[in-house]
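For reference, the structure is listed below as structure tokens.
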2 protein chains.
Amino acid sequence: MVSVTDLPTPVAVVDLDVVERNCAHMSERMSRLGTRLRPHVKTHKCVEAALLSVEGHFGGITVSTLAEARAFGAAGFADITYAVPLAPAKAAAAVALGAEVGRLALLVDSDEAADAVAHAGRSAARDVPVYLKLDCGYHRAGVAPDGAVGPRLARRLADARGIEFRGVLAHGGHAYYAAGREAIAVVAAAERDVTVGFAERLRAEGLDVPEVSIGSTPTMAVIDDLSGITEVRPGNYVFFDRYQSAIDSCAPEDCALSVIVTVIGAYPARGTAIVDGGATAFSKDAGATHVSGWDGGYGAVLDAESGADTGLTLASLSQEHGELRGDAAALASLRVGRRLRIVPNHSCLTAALFERFHVARGGDVVGEWRPVRGW
Amino acid sequence: MVSVTDLPTPVAVVDLDVVERNCAHMSERMSRLGTRLRPHVKTHKCVEAALLSVEGHFGGITVSTLAEARAFGAAGFADITYAVPLAPAKAAAAVALGAEVGRLALLVDSDEAADAVAHAGRSAARDVPVYLKLDCGYHRAGVAPDGAVGPRLARRLADARGIEFRGVLAHGGHAYYAAGREAIAVVAAAERDVTVGFAERLRAEGLDVPEVSIGSTPTMAVIDDLSGITEVRPGNYVFFDRYQSAIDSCAPEDCALSVIVTVIGAYPARGTAIVDGGATAFSKDAGATHVSGWDGGYGAVLDAESGADTGLTLASLSQEHGELRGDAAALASLRVGRRLRIVPNHSCLTAALFERFHVARGGDVVGEWRPVRGW
């Protein structure tokens, strides 16, 4: 049996016990709240993790790229929602892929994308399942919940030949700017209420709105009432990360992905040390900088063996170097060759940098997962 | 012939005319200054680009990972310097790889790494070429130019069986914190003078120091006197990027790598639009934030056809979304489906996110390069 301690660094390690616990917890939570869980796979992009995340639910998943749709479709996932507003030029490819997969639902919030999907659907003699993207307060994408644009576009989707209008989809990404479970709960309630309210507005205008889909990891980790919601789409929770822990949507021990690195330079006179993981191993995501007490680093720096916090900060990253700073005594104890385990700020971006994850239980490598890449 | 305008987005495009010009310019510059160019390949990690970059010089290259050394060695590059301080646990693998490659020189700045290399060299009955890493002012890695540690470690490397001490290697990375060619020139002179001075100090103590190696793209773009330097190792100049342009180590038209994206959402009422390239297409490198007039964005946002600056800012990135902000009229003119060309802040990190680069001349795709990945 290969041990995690034998792996050359930098290496991405997934704690399988933690992934299983995270998946079971979210699955049970959503069953208890009476909604369907359609987990987003964009964080891990691995079939093995997706299979764990759909346990207890209907098997549908959410993806962020057509490459993910293609790969997960080929692996047998037959009910997929592509939850990024569609580029019109991708409509024909997406519709063709949907015919292979089974069901590939698309997301639209513009006339241009609506036209392109309707045209592609008619050309393929299919009614393509489409959601209208709603801005429930995050203000990244989607039609506004008030005003005339949303209902007009919904009506257009409902009336278009080549499209099967499935309903409303929103994402409470502004929960990431919260700090603490109470603040997240406020966003979660707004995500639900704004989205359900918009669906009711469409229904009052005579539209059929079969689906009302919301979800982010923070909001789905705290919400206790999903009345009116038919599906939720959290994804990061499979791995969680230091950001989620900082805003208290998880506990530090729920973080399943870490990167093992080696100290390759020790400079106590300069107050620094360097490790062999840089921006290409962690990403430059600055993390939860809005949270009081956040140390500004790029990951939690733990002892590789014990998992104890070293108190050091991964203060800066260049391409293949990570620079540690912090307490003089902690720095002085670092020898070149020492291995450290770093829990990244943002597991989605860190995971995307690795060709493979070594999957471990209790320090033993029990498998290897290869994430989908590209678009 | 496939046109760049036909490629699905997001897509990384390399302008081959610009790469050839950048390579020829640096090659001629270093020939004129009388030093050997050992280009770093870490930015592009492509054999095709490396072949262009060694033209006019001796064929040696610099790498940042053993994966690069392995791949470029297999492609016929027989003289490689691995210019990151070696993790002791990698010594045996590096020495074995060196035997396959021809010459793989290693970098050391600790007793632990020196011991590991000497042991691996003796075990393989080889004298492994090793440089001592010097801190010439960047303060990331390396022994200090004053004090006793540097000469003691140099002596140890020179005396160790299993090691062939090759000399001193430094990197003036603090040039990245300069703004303007005059400020870069000050760092460049210091990079040269500190490194040559340290080599002289070792020679005065009776050590043979055959090689004195320095180099970063900014410093090598401006320096006019390399007396005492035997080799230089710039690498980013093959692609350059928006950061280099912001500090004036290149002109904007020297940037060879860009990412074509599509507008997938237009929200003029909110003052935003979104494109289908996010943090997984650009990296979250914040760029030259110290330069006066820097707009804080993640890339220069150009029209995909004309290359004209749109004046818009790529203001924030999530995993698969990039958010544009800026002038209301410019935003109002953006239609969903419009293609934009974005010159990334940091080409090394952006390039590392793509499986392949489409290589173009005058808008026609003339090739595809696949970068090395991993460690």
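The values are calculated or read from the model by the stated rules, or taken from the named source; none is laboratory data. These numbers were taken from a predicted model, which means no experiment stands behind them. So basically every Cβ, Gly included, is an ideal-geometry build from the backbone, and we count neighbours across all protein chains shown. Only protein heavy atoms, including side chains, enter the accessible area calculation; ligands, DNA and RNA are left aside. Shrake-Rupley method; radii C 1.70, N 1.55, O 1.52, S 1.80 Å.
The residue of chain A whose Cβ sits closest to the rotation axis that maps A onto B, together with that distance in whole Å, is A:Lys284, 2. Against chain B, whose longest principal axis is taken from its Cα atoms, helix B:91-101 shows a tilt of about 80°. Using only side-chain charges placed at the Cβ, +1 for Lys and Arg and -1 for Asp and Glu, the dipole size of the protein assembly as shown relative to its Cα centre rounds to 620 debye. Under the rule a/c < 1.5 gives rounded, and otherwise a/b versus b/c splits prolate from oblate, where does segment A:42-183 land using the Cα gyration tensor? The shape class here is oblate. Counting from the shortest, the label point at B:Asp111, 7 Å from Cα toward Cβ, is 7.5 nm from the same position in each remaining copy.
Relative contact order for chain B: 20 percent, from Cα pairs under 8 Å spaced at least 6 residues apart, divided by residue count.
Taking 24 Å as the limit for the C-alpha separation, the pairs B:Lys90/B:Lys133; A:Lys45/A:Lys284; A:Lys45/A:Lys90; A:Lys284/B:Lys133 exceed it in the case of A:Lys284/B:Lys133. Overall, the anisotropy analysis places segment B:124-175 in the oblate class: the square-rooted eigenvalues a ≥ b ≥ c of its C-alpha gyration tensor yield a/c not less than 1.5, with a/b not exceeding b/c.
Under a model in which nothing but the beta-carbon of Lys, Arg (+1) and Asp, Glu (-1) is charged, segment A:1-62 shows a dipole of about 460 debye around its Cα centre. Between this copy and the others, label points of B:Pro252 are 4.7 nm apart in ascending order, each placed 7 angstrom from Cα in the Cβ direction.
What the phi angles of segment A:156-173 give under the Karplus curve with 6.51, -1.76 and 1.60, with θ = phi - 60°, is a coupling list of 4, 5, 5, 8, 6, 5, x, 10, 10, 6, 9, x, 10, 10, 9, 9, x, x Hz, glycine and proline written as x.
Across peptide B:260-271, the mean count of Cβ atoms from other chains lying within 10 Å of each residue's own Cβ comes to 5. Stretched out straight at 0.36 nm per residue, the stretch from B:Ala124 to B:Glu355 would grow longer than its current Cα-Cα span by 79.6 nm. Ellipsoid semi-axes for segment B:12-126, based on the Cα gyration tensor and the rule √(5λ), read 29, 14, 12 Å when sorted largest first. Mean partner shielding of peptide A:318-324, defined as the number of other chain Cβ atoms within 10 Å of each residue Cβ, is 6. For the protein assembly as shown, the fraction of 1.4 Å probe accessible surface lying on carbon and sulfur atoms is 51 percent. In nanometres and ascending order, the distances from the A:Tyr177 label point to those of the other copies are 3.2 (point 7 Å from Cα along Cα→Cβ). Ordering A:Val149, A:Leu106, A:His139 by the projection of their Cα atoms onto the charge dipole of segment A:62-160, which places +1 on the Cβ of Lys and Arg and -1 on the Cβ of Asp and Glu, puts A:Leu106 at the extreme positive end.
How many percent of the alpha carbon pairs in chain A exceed a separation of 33 Å? The answer is 33 percent, as a whole percent. Computed over protein heavy atoms with a 1.4 Å probe, the accessible surface of chain B works out to 34 Å² per residue.
Peptide B:77-85 shows a mean partner chain C-beta count of 2 within 10 Å per residue C-beta. With contacts taken as Cα pairs under 8 Å and at least 6 residues apart, segment A:207-272 reaches a relative contact order of 26 percent. Computed about its Cα centre, the charge dipole of segment B:75-234 is approximately 340 debye, with only Lys, Arg, Asp and Glu carrying charge at their Cβ.
A:Cys255 contributes about 20 Å² of solvent-accessible surface, heavy atoms of the protein only, 1.4 Å probe. When the charge dipole of chain A is built from unit charges on Cβ atoms (+1 for Lys and Arg, -1 for Asp and Glu) and taken about the Cα centre, the candidate among A:Gly235, A:Phe282, A:Ala75 whose Cα reaches farthest toward its positive end is A:Ala75.
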